[in-house]
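Here the structure comes first, spelled out in structure tokens, and everything after it is commentary.
The values are calculated or read from the model by the stated rules, or taken from the named source; none is laboratory data. The structure presented is a predicted model; accordingly, all values stated were derived computationally and were not measured. Here Cβ is always computed from backbone atoms with ideal geometry, including for glycine, and neighbour counts include all displayed protein chains. Quick note on the areas: whole protein, heavy atoms, side chains included, nothing else; ligands and nucleic acids left out. Shrake-Rupley method; radii C 1.70, N 1.55, O 1.52, S 1.80 Å.
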Amino acid sequence: MTIGGDIPTAAIPTGPAADDDRPLAGIRVLAIEQYGAGPFASLYLSDMGAEVIKIEPTPADGQKGGDSARQSGPHFLGENDSQFFQTFNLGKRSIALDLKSPAGRAVFERLVKTADAVMNNLRGDQPDRLGITHQALKAVKPSIVCAHLSGYGRSGPRAAWPAYDYLMQAEAGFIALTGDPEGGGTRMGLSVVDYLTGLTTAFALTSALFGAMRTGRGRDVDVTLYDVAVHQLTYPAIWYLNEGTTTGRRPRGGHPAVVPCEQFPVADGAIYVMCMLPKFWRALCEITGLPDLAADPRFADVAARFRNRDALAAILDPVFATRTMADWVAAFAGRLPAAPVLSLAQALDNPFLAERGGIQNVDHPAKPGMRVLSNPIRLDGAVIRAKPGPGLGADTDALLGELGYDPAAIAALRAEGAVA
């Protein structure tokens, strides 16, 4: 389905910046990470040109080792890889290393000497135990930046608690704010707290790197799922804290204060319209063929429209139902903020996404031409070229060689289980 007809768009260059010309080229980040939030953070660092080295657990006790995301189905890529893993780990390197063994620790500290930052998304009580804080590593390299992404922080009564995105959506009020007011609350369809925390961590780490380059001193930076989730409450939080106003769920996913700013049913689905400014309200009245609405005292301003939302919807619904999503998007294009309410498949098959270079192919050994999403950041107007994520320990030998280990020493490390 084509949405919006032949709306002209600027072509997005497909020739990306060279790897050594990206903003973080020359930065090395050691990432002790699992699953989603941490890998999402380092994915952005990698896309910006940093060399991200995943430090993954070695196989032990019948386990295959590595980031647990390698075993996340349902779509697998060989023995110890998956499309889920690839989603969060494009372009990284991997070393399989036992950080708890003396030999593994020695390798890690050699790596730290070559690195600019160490990041992790372990449970809050783990970084101190593993010795991956700035306090533990500053003797190895004073300028090292240590970024910690955890559920609830590295201190306090919840430091040892496991944490997941959905739990944060529950406790921070996201579930209560999401869904139809006539039903129960619901979680958002994506792990938005994981992703927002990952982005916050990437920003915090990059900022700390800038400071370390300026002063020569590294530091710890801490970001938690819980803190980020609560911080995302933004203006509803400020309204409650200052006025006692509790924001609730609105019909049709509507805005808590502005009408019309919600979904409307159309001939083949729904469209979301946002009349956030008076000029957009006037445009809606004109384009829908209802110019008299603009002068109707029931809808004279934002407050009046909010009070009379049901009456306004009763007028607009039959008009919206006469045309399709594509028709309305074409009619509103550039004059009124509006978007079709698409399914996942429709969103990914949207021609506009293709025009934006939002999907590209990478040649994974088990799936040549694997389609992946492009990073949303454009460098000098160009899409960043993606590369497949690494196999477990794919770079172990190469990295050990860079650190000065000869083949015999590498074989000895492997024999004692320090690396794989």
Inset, instruction - For the range 195-209, indicate whether the set of residues that are touching a strand residue (DSSP E or B) at 6+ places or on another chain (Cβ under 9 Å), free of Cβ contacts under 8 Å to residues at least 60 places away in the same chain, assigned to a helix (DSSP H, G or I) and open to solvent by less than 50 Å² (accessible area, probe 1.4 Å) is non-empty. - result: yes
Inset, instruction - Residues being open to solvent by less than 60 Å² (accessible area, probe 1.4 Å) and under 17 Å from VAL419 (Cα atoms): count how many of those fall in the range 73-101. - result: 9
Inset, instruction - Within the range 105-150, track down each residue that is under 24 Å from THR58 (Cα atoms) and of a type in the set (Gly, Ala, Ser). - result: ALA106, ALA115, ALA117, GLY124, GLY131, ALA136, ALA147, SER150
Inset, instruction - Among the residues of the range 132-155, write down those that are open to solvent by 50 Å² or more (accessible area, probe 1.4 Å) and out of contact with any strand residue (DSSP E or B) (no Cβ under 8 Å at 6 or more places or on another chain). - result: LYS138, ALA139, PRO142, SER155
Inset, instruction - Give the residue, chosen from ILE175, ILE238, that is β-branched (Val, Ile, Thr), open to solvent by 70 Å² or more (accessible area, probe 1.4 Å) and without any contact (Cβ under 8 Å) to a residue 24 or more places away in the chain. - result: ILE238
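For residues in the range 365-381 being part of a loop (DSSP other than H, G, I, E, B) and touching a residue at least 60 places away in the same chain (Cβ under 8 Å), which is nearest to ASP47 (Cα to Cα)? Full working, then the answer.
Here is the first cut: in the range 365-381, the ones part of a loop (DSSP other than H, G, I, E, B) are 365-366, 374-377, 380-381.
From what's left, touching a residue at least 60 places away in the same chain (Cβ under 8 Å): 365-366, 375, 377, 380-381.
Details: PRO365: 20, ALA366: 22, ASN375: 7, ILE377: 9, ASP380: 14, GLY381: 15 Å.
Looking at the filtered set, the residue picked out is ASN375.
If we scan the range 309-327, do we find a residue that is among the basic types (Lys, Arg) and either over 22 Å from GLY253 (Cβ atoms) or exposed (fewer than 15 other Cβ atoms within 10 Å of the Cβ) (or both)? Before you say what the answer is, go through the steps one by one.
Let us first name the residues in the range 309-327 that are among the basic types (Lys, Arg), namely 309, 323.
If we keep only those that are either over 22 Å from GLY253 (Cβ atoms) or exposed (fewer than 15 other Cβ atoms within 10 Å of the Cβ) (or both) as well, we get none.
No.
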Inset, instruction - For the range 352-374, indicate whether the set of residues that are touching a helix residue (DSSP H, G or I) at 6+ places or on another chain (Cβ under 6 Å) and either surrounded by 15 or more Cβ atoms within 10 Å (Cβ to Cβ) or closer than 30 Å to LYS100 by Cβ (or both) is non-empty. - result: no
Legend entry - Every residue from the range 328-350 that is surrounded by 18 or more Cβ atoms within 10 Å (Cβ to Cβ), of a type outside the set (A, V, I, L, M), closer than 14 Å to VAL273 by Cα and under 28 Å from the mean Cα position of the chain (by Cα): PRO340
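Assess whether VAL266 counts as being surrounded by 17 or more Cβ atoms within 10 Å (Cβ to Cβ) and in contact with a helix residue (DSSP H, G or I) (Cβ under 8 Å, 6 or more places away or on another chain). Give the derivation first.
Details: surrounded by 17 or more Cβ atoms within 10 Å (Cβ to Cβ): yes; in contact with a helix residue (DSSP H, G or I) (Cβ under 8 Å, 6 or more places away or on another chain): yes.
It is true that VAL266 is surrounded by 17 or more Cβ atoms within 10 Å (Cβ to Cβ) and in contact with a helix residue (DSSP H, G or I) (Cβ under 8 Å, 6 or more places away or on another chain).
If you go through the range 34-71 one residue at a time, how many are touching a residue at least 24 places away in the same chain (Cβ under 8 Å), of a type in the set (Gly, Ala, Ser) and in a loop (DSSP other than H, G, I, E, B)? Walk me through it before giving the result.
Going through the range 34-71, the residues touching a residue at least 24 places away in the same chain (Cβ under 8 Å) turn out to be 34-60, 64-70.
When the remaining residues are screened for being of a type in the set (Gly, Ala, Ser), the result is 36-38, 41-42, 46, 49-50, 60, 65-66, 68-69.
Okay, now just the ones that are also in a loop (DSSP other than H, G, I, E, B), so 36, 49-50, 60, 65-66.
Total meeting the criteria: 6.
Taking the range 79-115, which residues are acidic (Asp, Glu) and closer than 30 Å to GLN135 by Cα?
Filtering the range 79-115 for residues acidic (Asp, Glu) gives 79, 81, 98, 109.
Answer for the range 79-115, where residues must be acidic (Asp, Glu) and closer than 30 Å to GLN135 by Cα: ASP98, GLU109.
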Inset, instruction - Could you check, for the range 72-87, whether at least one of its residues is under 22 Å from ALA411 (Cα atoms) and in contact with a helix residue (DSSP H, G or I) (Cβ under 8 Å, 6 or more places away or on another chain)? - result: no
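Regarding the range 189-196, can at least one residue be identified that is among the β-branched types (Val, Ile, Thr) and more than 17 Å from the chain's Cα centre (by Cα)?
No, because not a single residue in the range 189-196 is among the β-branched types (Val, Ile, Thr) and more than 17 Å from the chain's Cα centre (by Cα).
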Inset, instruction - Consider only pairs whose beta carbons are under 8 Å apart and that are at least six residues apart or on different chains; among these, list those whose first residue lies in the range 102-127 and is in contact (Cβ under 8 Å) with a residue 12 or more places away in the chain and whose second residue is in a helix (DSSP H, G or I) and of a type in the set (D, E, K, R). - result: THR114/GLU402
